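Data block below; observations after.
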Amino acid sequence: MPNLLEVWHISVSIDRLPQDVYEFASKLENLPKWATGLGKNFRNVDGEWVADSPTGPIKVRFVRRNEFGVLDHDVILESGTTVHNPIRILPNGRGTEVVFTLFRQPGASEQKFAEDARWVEKDLRLLKTLLER
């Protein structure tokens, strides 16, 4: 039986149409405006998105644009470790629910996992604020 990682689903409701939320959030150039936990100084280097993180440079790879509201992305750490981050843009009445699935990484303490969750919540609230202006 495989080892399962602990998971938190973190969500925010946004008073905008799902296609509006997806359009904004899927543009890599908008990441620095709302995904502050991901890194800083995003730049395209030879066709790959690179950012500076507290642990060193990272690469960020998003799934291709799609009609299903899937915004999954992988973060490739300097060590070569890949962290998969599922995000879904879901219709919620006349608005949108954004759901981020946070996996507790092997070796991460409960405190680190909780800090990561708070950062994701902060970033999703920032996305909500930007889109509801």
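The values are calculated or read from the model by the stated rules, or taken from the named source; none is laboratory data. Note that this is a predicted model, so its numbers are computed, not measured. Cβ atoms come from the backbone with ideal geometry, glycine included; neighbour counts cover every protein chain shown.
Worth a mention:
- Summed over segment 23-38, residues that are not small (Gly, Ala, Ser) and not in a helix (DSSP H, G or I) total 3.
- Selection of segment 1-34 for residues being touching a helix residue (DSSP H, G or I) at 6+ places or on another chain (Cβ under 6 Å), within 19 Å of Asn66 (Cβ to Cβ) and at pLDDT below 95 yields only Asn30.
- Hits in segment 76-133 - residues which are acidic (Asp, Glu) and either under 16 Å from Leu31 (Cβ atoms) or in contact (Cβ under 8 Å) with a residue 12 or more places away in the chain (or both): Glu78, Glu97, Asp116, Glu121, Asp123, Glu132
- Of the residues Phe42, Phe62, Phe68, Phe103, the single one that is touching a Leu at 6+ places or on another chain (Cβ under 6 Å) and over 23 Å from Leu4 (Cα atoms) is Phe42.
- Within the option set Gly39, Gly93, Gly69, being buried (at least 18 other Cβ atoms within 10 Å of the Cβ), at pLDDT 95 or above and under 29 Å from Arg133 (Cβ atoms) holds for one residue only, Gly69.
- Phe62 vs. criteria closer than 16 Å to Ala25 by Cβ, loosely packed, with under 15 Cβ neighbours inside 10 Å and among the aromatic types (Phe, Trp, Tyr): no
- Taken as a whole, segment 23-32 holds no residue that is buried (at least 16 other Cβ atoms within 10 Å of the Cβ), within 28 Å of Asn3 (Cα to Cα) and touching a residue at least 40 places away in the same chain (Cβ under 8 Å).
- Residue that is nearest to Ala35 (Cα to Cα), among those in segment 96-133 that are buried (at least 16 other Cβ atoms within 10 Å of the Cβ) and hydroxyl-bearing (Ser, Thr, Tyr): Thr101
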